[in-house]
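The values are calculated or read from the model by the stated rules, or taken from the named source; none is laboratory data. Predicted, not measured: the structure shown is a model, and the values here were computed from it. Every residue, glycine as well, gets a Cβ built from its backbone with ideal geometry; the counts of neighbours run over all protein chains shown.
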Amino acid sequence: MTPFVPARAQPASAPAPAASAASAAASVPAPVTWRMTTEAPAAGMAGEGLSTFAEEMKARSGGTLLVAPAFEAGVDARPLPPPAATAARDARSDGGDIPAEALGQLDPLFQLPSLPFIATSLESARRLAGLARADYARALAAQGQHLLYITPWPPTGLWSRAPLASLADLRALTVRTADTISTGLIRAAGARAVELPLSDTMPRLREGSVNAVLCSGDDGAARKLWRYLPNFTAIGYAMPLSFTTVGNASYAALTPAQREVVDAAAQATEQRQWARLSTRIAENAAQMMANGVTVRGEAEPGVRAALRAAASAPVAAWRARTGRAAGAILDAFAASGGD
């Protein structure tokens with residue numbers, strides 16, 4: 001009787017380890033690089049946020065999820081959701097930072113952070129953003145964008161060529177404004193308003209057709225507005241937000257494990273942005289003064305009263321445009337303590 005001999009692997013099966021390795025390699029997702037843009041300079045809040053997100057993504061993914069940031073990209077590079085985005089713009093960018101005022105053109109919900117004199121402190125602005133976050137995410141998803149993180153900005157103030165010492169000084173200004181809310185407010189207070197992206201404002205300052213800018217002290221400092229406007233008045237108007245998004249399709253193309261990494265990186269970035277803001281206001285003021293800017297901690301009483309009196313109409317109009325759901329956010333904010 002022939003003794004039993006255990007079967008041995010035949011020579012034809014020798015390449016199996018290599019095939020197994022190839023199969024394992026195929027199961028590892030390919031590296032991903034997102035091209036992400038911001039209109040802000042690298043030193044601005046949105047620019048630093050994008051750099052932070054790139055660092056967090058690289059560190060948490062072991063270098064397999066990367067962000068290639070582009071700063072001062074201009075309005076045409078905004079990752080605006082369809083149908084506003086053109087095919088060419090989509091091809092240049094996977095996502096990026098979008099100012100709330102730009103999104104307000106698509107959905108008035110995003111005008112919430114720029115409502116005048118509603119949330120003017122760091123704590124209240126963060127609380128309001130938290131109450132509205134789920135609504136922001138749903139509105140962006142409906143426009144083809146996945147919300148990654150929110151960037152807060154230092155309070156909106158008024159940069160001006162001449163000192164703002166009286167209501168007459170305010171009414172002599174031609175002010176660059178960011179959206180319909182701020183445009184309506186400035187006009188109701190008696191000044192002229194020109195609605196422009198900040199990136200398009202510099203030529204108007206040089207030629208003199210605009211002699212004041214309503215914007216965050218951070219954005220103004222990063223763009224060196226002191227070259228044209230040596231006065232900054234903190235008017236306690238609002239604390240702006242911008243939203244960093246990526247296309248829904250780009251996010252959905254990731255594996256579940258990759259999406260977990262992205263979510264964690266985005267959450268860490270947002271936390272660092274709010275923490276950064278706690279010292280940013282003082283840093284900006286010091287930088288302004290070092291460059292010859294006269295910084296006023298609050299507006300002259302007549303100016304302040306005129307601006308606050310002009311604020312009620314834009315807020316009421318916003319409630320009417322957005323409906324009960326968005327108005328409920330303001331009601332919840334008031335119930336939580338307000339400003």
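Observations on the structure shown:
- Of all residues making up segment 261-288, the number that are in contact with a strand residue (DSSP E or B) (Cβ under 6 Å, 6 or more places away or on another chain) and either farther than 29 Å from Tyr251 by Cβ or not in a helix (DSSP H, G or I) (or both): 2
- Looking only at residues in segment 169-182 that are among the β-branched types (Val, Ile, Thr) and at pLDDT 95 or above, the one that is farthest from Thr322 (Cα to Cα) is Thr174.
- Yes/no for Ala139 being out of contact with any Cys (no Cβ under 9 Å at 6 or more places or on another chain), buried (at least 18 other Cβ atoms within 10 Å of the Cβ) and free of Cβ contacts under 8 Å to residues at least 40 places away in the same chain: yes
- Residue check for Leu147: within 16 Å of the chain's Cα centre (by Cα) and closer than 21 Å to Ala265 by Cα: yes
- Scanning segment 285-313 for residues that are within 22 Å of Tyr228 (Cα to Cα) and without any contact (Cβ under 8 Å) to a residue 12 or more places away in the chain yields Ala286, Met289, Ala290.
- Some residue of segment 216-233 being modelled with pLDDT under 95, under 25 Å from Pro113 (Cβ atoms) and in contact with a Lys or Arg (Cβ under 7 Å, 6 or more places away or on another chain): yes
- Entry remark, segment 295-316: residues being assigned to a helix (DSSP H, G or I) and β-branched (Val, Ile, Thr) number 2 in total.
- With respect to the conditions (1) in contact (Cβ under 8 Å) with a residue 24 or more places away in the chain; (2) in a helix (DSSP H, G or I); (3) aliphatic (A, V, I, L, M), Leu229 falls short on a single one, namely (2).
- Residue that is surrounded by the fewest Cβ atoms within 10 Å (Cβ to Cβ) [pool: residues in segment 200-218 that are in contact with a helix residue (DSSP H, G or I) (Cβ under 6 Å, 6 or more places away or on another chain) and more than 25 Å from Ala313 (Cβ to Cβ)]: Gly217
- Of the residues Val194, Val210, the single one that is of a type in the set (A, V, I, L, M, F, W, C), modelled with pLDDT of 95 or more and in a strand (DSSP E or B) is Val194.
- For segment 162-180, the candidate set comprises residues that are part of a helix (DSSP H, G or I) and without any contact (Cβ under 8 Å) to a residue 60 or more places away in the chain; within that set, the residue that is surrounded by the fewest Cβ atoms within 10 Å (Cβ to Cβ) is Ala168.
- Among the residues of segment 236-246, some residue qualifies, meaning at least one is in contact (Cβ under 8 Å) with a residue 12 or more places away in the chain, crowded, with 17+ Cβ neighbours inside 10 Å and more than 17 Å from the chain's Cα centre (by Cα).
- Some residue of segment 317-339 being of a type in the set (Lys, Arg), outside any helix (DSSP H, G or I), at pLDDT 90 or above and surrounded by 14 or more Cβ atoms within 10 Å (Cβ to Cβ): no
- Arg296 surrounded by fewer than 12 Cβ atoms within 10 Å (Cβ to Cβ) and either among the charged types (D, E, K, R) or at pLDDT below 90 (or both): no
- Of all the criteria given as (1) exposed (fewer than 14 other Cβ atoms within 10 Å of the Cβ); (2) more than 22 Å from Ser182 (Cα to Cα); (3) not aliphatic (A, V, I, L, M), the one not satisfied by Gln258 is (1).
- Close pairs from segment 101-114: first within 23 Å of Pro154 (Cβ to Cβ), partner among the basic types (Lys, Arg) and surrounded by 22 or more Cβ atoms within 10 Å (Cβ to Cβ), Cβ under 8 Å, at least 6 apart: Ala102/Arg78
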